[in-house]
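> The structure's right below; bear with me while I get my questions together.
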Amino acid sequence: MAKITRRSFVGIMAASTTALSMPSIAFGALPRVVVIGGGAGGATAAKYIAKDSKGAVDVTLVEASKRYYTCFFSNLYLGDFRNYGSIGHNYYGLAVNHGVNMVHEWASSVNSAEKKVYLGSGATVSYDKLVISPGIDLKFNSVNGYSPEAQSIMPHAWKSGTQVQLLKNQVKGMKKGGTFVMVPPPNPYRCPPGPYERISMIAHQFKKTNPTAKIVVLDPKNKFSKQSLFMEGWQKHYPGMIEWISADTHGGIKKINTSTMEFETDLDTFKADAASVIPAQQAGRIAMNAGVNKGDWCPIVPASMQSQADENIYVLGDASIAKSMPKSGFSANSQAKVAANHIRGSLTGSKVFTPRFANTCWSLVATNDGIKVGANYDAKPDKINKTSGFISKTGEDSNLRKATYEESIGWYSGITSDMFS
Amino acid sequence: MKSKFVFFSIIILLLFSNKILADDKALAGADFEYGQHLSGECVTCHNSTGLGQGIPKITGMKTAVFIKKILAYKTKEKDNAVMQMVADRLGEEEINSLALYLSKTK
Ligand SMILES: Cc1cc2nc3c(=O)[nH]c(=O)nc-3n(C[C@H](O)[C@H](O)[C@H](O)COP(=O)(O)OP(=O)(O)OC[C@H]3O[C@@H](n4cnc5c(N)ncnc54)[C@H](O)[C@@H]3O)c2cc1C
C-alpha cells in the first residue's frame, strides 16, 4: 500500500467528498453500509464491499448469532458425511481481514425514511445503503396442526442451528423397522433439491443402522427438483425403503397430530415413529418490517438487487424474488457480488460492471453418488433471466458421480472461505 | 550527473513500455480491475488455498496456461459440466482480464 503523506491524504479526502456529494454526511465521515444477516448473501456482501473499497466505506454487519451453521451440507451431517463442527463458521475473518464492524444483535426494525436500523438492545445504526439478507421465516400454520411447539417433535431443520441435531437424534433413535414421515414444503422455498437430498441421507443412515425402516414422503407438490435423478438413486441404493406420494395421490394433508404422530390425508392416515415437517416459507421478518416485501417475498431490480420499493435498500438471497434463480446459498453469494459492486459504485464512484449471476446445486444421493444442476443468468429489466444451464443425467457412470461429489466438497470449502475469510 | 540519470530513466521507461506493449498484444482488452471483479464468480468454487478437494487452485497460473485451459472447456474439448458453463459465457476480453488478474494473484 502506498504511504499516505499529509499532502496526498488531504488530496484523497478532497477528491472523495466531491465525488460523493452527500450533504447528510459530515466532512470526513465515510459512507455507511449496514448489512442485516450474516448468511450466504449478507456475509458475502459485507466482505466484498469492505474488501474492494479498501477502507472507503464503513461496513457494519448485524447478525444475531456468533456462529453461522450452514444449511448447506447439513444433510451430509444427517448422513454422517460431515460432523456438526465442520459446518459452523465464525465472523473473525470478516472483522480482522476486512475491517467489517460486527454487531451480534437482532435487528428489530428499520426506519427507511430516517435510514436507521434499530437493534434489540435499543441502539440504532444509521446507513446510506442497507442490505437485507435475513433468509427465511417459516409459516408454521401452513400445515394444519404444525406449530412452533411442534418443531421439537417433528423438526423442520430448515434454518441453521440445533434443529438439525435434534432431527439426527430422532432419526438415529427411531425404533427398528419403524416409519419416518417427511413433509416437504410447497413452492417457492429455499433449496429446491434440499428435502430430497435429506430423504436420501436419512435413507443412507437407516440402511446402515435400521435397514427395515421405511420412509413415507407426503409431498404437497406433484413434482420436484432433479426428480428422475433422485428416484433412480433411491431405487438403486435404497430399494423398497422410500415411498414418495404426490399431492394428487394423497389429495392433500388435512391435519397432523403431534401427540399421536398421525398424518391425515384423503388417501389414508399415516402413522409415524419419527417425522420431519417443513412448512411453507416467507422472507425473514425484518424485510416485512422494512416494507420491502410484496406478499411473502421481496421484489428487486434485477440489475442491482435493489428493492423495488426503496433504492437505498438491497435485498439478497432467499428473501428476494430473483426469478429464475432458485433460493440457494450459491445464488445468494452470486447476488451479493452484484449488489456489492453496485453499492460501491454509487457510494465511491467505482466502476459498475454488467451484472452476471450463476448457481449450481449439488446433492448427495448415496456414498460417492453426487448429482448437480446449474445455470448462468443475466439481468433483464423484469427478471433475472436464465441464459444456459446443465443437469446431471440418469445412468451416469460411477466415476462421474464420484467426481461430482468431490466437486461439492471443493465448493463447500470455496464458498465458506469466500463468505468468511 | 543529472543528464546521465535522465538518460538512464528513459532507457528503463522504454524497456518497460515495450514489455507492456508485448503483454497488451497477447492479452487484448485485458483489464486488471475487470479480471478481479470477474474472479468473484470463480472463488465461490475455487478457493485460494486450492485445498478444497475436487476443485483445483487457479491463482498464480501463467496467462498462456490459463487461456489454454479455459478454451479447452469453452470448446468442450474438456468435459466438465460446470466449467463448460462457466467458460461458455466468457468472451476474449473476459478471459484475458481473468488471465491477467489470476496470473498476478497468489
Ligand atoms: C437442508 C438444506 C440444504 C441446503 N443445501 C444447499 C446447497 O447444497 N447449496 C446451496 O447453494 N444452498 C443450499 N441450501 C440453501 C441455503 O442455505 C440458503 O439458500 C442460503 O443460506 C440463503 O442465504 P441468505 O443470505 O438468504 O440467508 P441465510 O444464509 O439464512 O442467512 C440469514 C442470516 O440472517 C440472520 N438474521 C435474520 N434476521 C435477522 C435480524 N433481524 N437481525 C439479525 N440477524 C438476522 C440469521 O441469523 C442468519 O444468519 C440448503 C438449505 C437447506 C435448508
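Only the coordinates and a few stated rules stand behind these numbers; no lab work does. What you are looking at is a predicted structure, and each value in this text was computed from that prediction instead of being measured. Ideal geometry is used to build each Cβ from the backbone, glycine not excepted, and the neighbour counts take in all protein chains shown.
> Looking at (1) hydroxyl-bearing (Ser, Thr, Tyr); (2) surrounded by fewer than 22 Cβ atoms within 10 Å (Cβ to Cβ); (3) within 30 Å of A:GLY178 (Cα to Cα), which is the one condition that is false for A:SER304?
(3)
> Go through (1) out of contact with any strand residue (DSSP E or B) (no Cβ under 6 Å at 6 or more places or on another chain); (2) closer than 19 Å to B:ARG89 by Cβ; (3) more than 7 Å from every other protein chain (Cβ to nearest Cβ) and name the single condition A:SER421 misses.
Looking at each condition in turn, A:SER421 falls short on (2).
> Could I ask something else about it? Would you be able to say whether some residue in the range A:379-388 is within 12 Å of the ligand (Cβ to nearest atom), among the basic types (Lys, Arg) and farther than 16 Å from A:ARG190 by Cβ?
No, every residue in the range A:379-388 fails to be within 12 Å of the ligand (Cβ to nearest atom), among the basic types (Lys, Arg) and farther than 16 Å from A:ARG190 by Cβ.
> Looking at A:GLY370, A:GLY414 in this structure, which one is at the interface with another protein chain (Cβ under 9 Å from one of its Cβ atoms) and within 29 Å of A:ILE87 (Cα to Cα)? Step through it out loud before you land on a result.
Values: A:GLY370 fails: at the interface with another protein chain (Cβ under 9 Å from one of its Cβ atoms).
After applying the criteria, what remains is A:GLY414.
> I've got another one for you. Based on what the data block shows, is B:GLU77 acidic (Asp, Glu) and facing another protein chain (nearest Cβ under 9 Å)?
Values: acidic (Asp, Glu): yes; facing another protein chain (nearest Cβ under 9 Å): no.
So B:GLU77 does not fit the description; no.
> Within the range A:374-401, take every residue that is within 16 Å of A:ALA332 (Cα to Cα) and among the aliphatic types (A, V, I, L, M) and give me the one that is nearest to the other protein chains (Cβ to nearest Cβ). Before you say what the answer is, go through the steps one by one.
If we filter the range A:374-401 for residues that are within 16 Å of A:ALA332 (Cα to Cα), which is where we start, we get A:374-379, A:383-386.
Filter once more, keeping what is among the aliphatic types (A, V, I, L, M): A:375, A:379, A:384.
Values: A:ALA375: 7, A:ALA379: 13, A:ILE384: 14 Å.
Among residues in the range A:374-401 that are within 16 Å of A:ALA332 (Cα to Cα) and among the aliphatic types (A, V, I, L, M), the one nearest to the other protein chains (Cβ to nearest Cβ) is A:ALA375.
> From the list A:GLY135, A:GLY88, A:GLY145, A:GLY79, pick out the single residue that is within 12 Å of the ligand (Cβ to nearest atom), away from every other protein chain (no Cβ under 14 Å), on the phi > 0 side of the Ramachandran plot and not polar (S, T, N, Q). Lay out the reasoning, then the answer.
Numbers: A:GLY88 fails: on the phi > 0 side of the Ramachandran plot; A:GLY145 fails: within 12 Å of the ligand (Cβ to nearest atom); A:GLY79 fails: on the phi > 0 side of the Ramachandran plot.
Sole residue among the options that is within 12 Å of the ligand (Cβ to nearest atom), away from every other protein chain (no Cβ under 14 Å), on the phi > 0 side of the Ramachandran plot and not polar (S, T, N, Q): A:GLY135.
> Something else about it: Return the residue satisfying two criteria in turn: it lies in the range A:101-121 and is within 14 Å of the ligand (Cβ to nearest atom) and part of a loop (DSSP other than H, G, I, E, B), and of such residues it is surrounded by the fewest Cβ atoms within 10 Å (Cβ to Cβ).
This residue is A:SER121.
> Here's a follow-up. For A:HIS342, all conditions in the list (1) assigned to a helix (DSSP H, G or I); (2) within 14 Å of the ligand (Cβ to nearest atom); (3) out of contact with any helix residue (DSSP H, G or I) (no Cβ under 8 Å at 6 or more places or on another chain) hold save one; what is the number of the exception?
All conditions are met except number (2).
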